[in-house]
Amino acid sequence: MAALHRAVRGGDYAYCLDIAHHMAGQHPDRPSGVRWLEDEQAVRGWWRNLVAARQAHLARP
């Protein structure tokens with residue numbers, strides 16, 4: 001996460017760091033500058049559900 005944070009530090013792609021944290025089920029260690037259209041809890045849930053669905057798909061025989 002630290003390398004990703006350095007890569008997106010400028011701002012245009014800061015949402016990538018938020019998404020990576022959401023997908024990993026982690027909370028960012030600093031406040032995000034990203035303004036989502038929905039609240040953070042909803043966005044986190046969407047990304048976590050996407051990860052869970054993908055993992056379930058990959059686990060199928």
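A few comments on the model shown:
- Cα long-axis angle, helix 14-24 against the chain (0 to 90 degrees, to the nearest 10): 30 degrees
- Helix-only CD estimate at 222 nm, as mean residue ellipticity for the chain, using -39500 (n - 2.57) per DSSP H run (n ≥ 4): -19000 deg cm²/dmol
- Nearest-ten-degree value, helix 40-59 long axis tilted from longest Cα axis of the chain: 40 degrees
- Sorting the Cα pairs of the chain by distance into bins of 10 Å, from 0 upward, gives 21, 48, 24, 6, 0 percent per bin.
- Remark: spin-label model distance Gln26-Glu40 equals 1.5 nm, labels positioned 7 Å along the Cα→Cβ axis.
- Note: relative contact order over the chain, using C-alpha pairs below 8 Å and six or more positions apart, is 29 percent.
No lab work stands behind these numbers, since they all come straight from the coordinates. Note that the structure is a prediction, hence the values are computed from the model and not measured. Cβ sites come from the backbone with ideal geometry, for glycine too, and all protein chains shown count toward neighbours.
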